[in-house]
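Undergrad: Okay, handing you the structure first.
The values are calculated or read from the model by the stated rules, or taken from the named source; none is laboratory data. What you see is a predicted model, and the numbers here were worked out from it, not measured in a lab. Cβ placement follows ideal geometry from the backbone for every residue including glycine, while neighbour counts extend to all protein chains displayed.
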Amino acid sequence: METEFDTLSVCPACGTQSDAGALLTACPRDGRLFVPLTEWFREDRSPLLGCVVGDRYAVVGGLGHGGMGDIYRAVHLATGRHVALKVLRPDTRRESLLQARFSEEAHYAAQLGGPGTVALLDAGTDTDGRAFMVFELLRGQTLAELLDVHGTLPAERVATLGEHIARALHEVHVEGLLHADLKPANIMCLGALDDTPRVKLLDFGLSRLLSRAGERTGVIAGTVAYMAPEQMTDRPCDARTDVYGLCATLWVLATGRSPHGTGAPRDVLNRKRGAAPVGAETLPPALSHVLCRGLAPDPADRWASAAALAQALQDAARPAPAPMPAGRPRLPARGLLGAALLAAAAGVAIVVSALAPETRPAPAALEPVVVALNVRATGP
């Protein structure tokens, strides 16, 4: 049902209202662009609402907040295309390190073009000194939003979703980048949570080149619950650091709990180094094994790559085979063939014995047939 909020627009500077036809036209009083009335009533209404960034992107609504910038819904004035506009916050513009990171994020995002990452469309600095990036506008929910709505997800769904995220992460690693900030808020699911979910990795603000990930940065940044121990101590990182972050994310999706609890960063770090993840007993053994390995404190004990993690999650998502009825052991194909031949031989012997004259000596007993099965033990 259409409401007045769908059919009215407003100047965010003076509050003058008009109909929807005035959207993106200039207010005659102050020159700000009219925006949807729904945005006017948001508690976190931005001062950029109704402004034009970079002379070509009109800000029409808010989408969220990143580590260094705010994210808006904007319209490209020349084409009418709706986009996601990320603008460096004013309080960070004087921080040279954050400015450099913002520029690096744009550079790294431009390198990515796979289906598992969001596409960068434009970047620059406008005449007011605002650095910005423009991305394709995604329609979906972050995993953080899914958690808020659904709580935990079924283990099979977590394994399938995790497999697709791991494959998207592998694309990033193939391009030579370390994401370094994987968490539910930075992963978006597009469409339904079915057997082939579409996922996108967001926010590369803390990313690094894998070729330089082994260097100490002197800066420790991230979300404690999802950071690998080596991140929290500014030690060398590699693709297995992202494996840890993804497994911590999947743990929260499946159990509703951080794998090593919350608290002071030093306390959490000590538990990451020496305590088993909490809540493992609530997970199916196959999924628990996959995630616990990915959460190993020593990178050498984790899955070697995101691709290896994806394969392990795919295997964990498969339903366990149904148990065989009691008293009827399952034989491999060669065993079945051997049993059939043995039965056939016995049947021939019985027929021959029945037809033979009584005066003839009984045939010798059949020699026992031993069927040797080559059974190879497999690990978990």
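Undergrad: Going by what's in this entry, would ALA304 be described as under 19 Å from the mean Cα position of the chain (by Cα) and part of a helix (DSSP H, G or I)?
TA: No.
Undergrad: Mind checking which residues of segment 176-199 are of a type in the set (D, E, K, R), touching a helix residue (DSSP H, G or I) at 6+ places or on another chain (Cβ under 7 Å) and surrounded by 15 or more Cβ atoms within 10 Å (Cβ to Cβ)?
TA: Answer for segment 176-199, where residues must be of a type in the set (D, E, K, R), touching a helix residue (DSSP H, G or I) at 6+ places or on another chain (Cβ under 7 Å) and surrounded by 15 or more Cβ atoms within 10 Å (Cβ to Cβ): just LYS183.
Undergrad: Could you list, in sequence order, the residues of segment 126-136 that are surrounded by fewer than 16 Cβ atoms within 10 Å (Cβ to Cβ) and in contact (Cβ under 8 Å) with a residue 40 or more places away in the chain?
TA: Result: THR127, GLU136.
Undergrad: Among the residues of segment 22-33, write down those that are part of a loop (DSSP other than H, G, I, E, B) and either farther than 23 Å from LYS86 by Cβ or under 37 Å from the mean Cα position of the chain (by Cα) (or both). Even if it seems obvious, please write down each step before you answer.
TA: In the first step, residues of segment 22-33 are kept if they are part of a loop (DSSP other than H, G, I, E, B); the result is 23-25, 27-32.
Those that are part of a loop (DSSP other than H, G, I, E, B) and either farther than 23 Å from LYS86 by Cβ or under 37 Å from the mean Cα position of the chain (by Cα) (or both): LEU23, LEU24, THR25, CYS27, PRO28, ARG29, ASP30, GLY31.
Undergrad: Would you be able to say whether some residue in segment 239-247 is under 25 Å from GLN99 (Cα atoms), of a type in the set (Val, Ile, Thr), modelled with pLDDT of 95 or more and in the same structural domain as ALA300 (by TED's automatic domain parsing)?
TA: Yes - at least one qualifying residue is present in segment 239-247.
Undergrad: Ok, one more. Would you mention how many residues in segment 222-238 are free of Cβ contacts under 8 Å to residues at least 60 places away in the same chain and either farther than 22 Å from CYS189 by Cα or not assigned by TED's automatic domain parsing to the domain that holds ALA308 (or both)?
TA: 8
Undergrad: Do the conditions hold for ARG235, that is, is it surrounded by fewer than 16 Cβ atoms within 10 Å (Cβ to Cβ) and of a type in the set (Lys, Arg)?
TA: For ARG235, the condition - surrounded by fewer than 16 Cβ atoms within 10 Å (Cβ to Cβ) and of a type in the set (Lys, Arg) - is met.
Undergrad: Would you pick out the residues in segment 58-67 that are surrounded by fewer than 21 Cβ atoms within 10 Å (Cβ to Cβ) and touching a Phe, Trp or Tyr at 6+ places or on another chain (Cβ under 7 Å)?
TA: Correct list: GLY61, GLY62, LEU63.
Undergrad: Condition first: in a loop (DSSP other than H, G, I, E, B), on the phi < 0 side of the Ramachandran plot and touching a residue at least 60 places away in the same chain (Cβ under 8 Å). Now tell me which residues in segment 190-213 satisfy that.
TA: Selection gives LEU202, PHE204, GLY205, LEU206, SER207.
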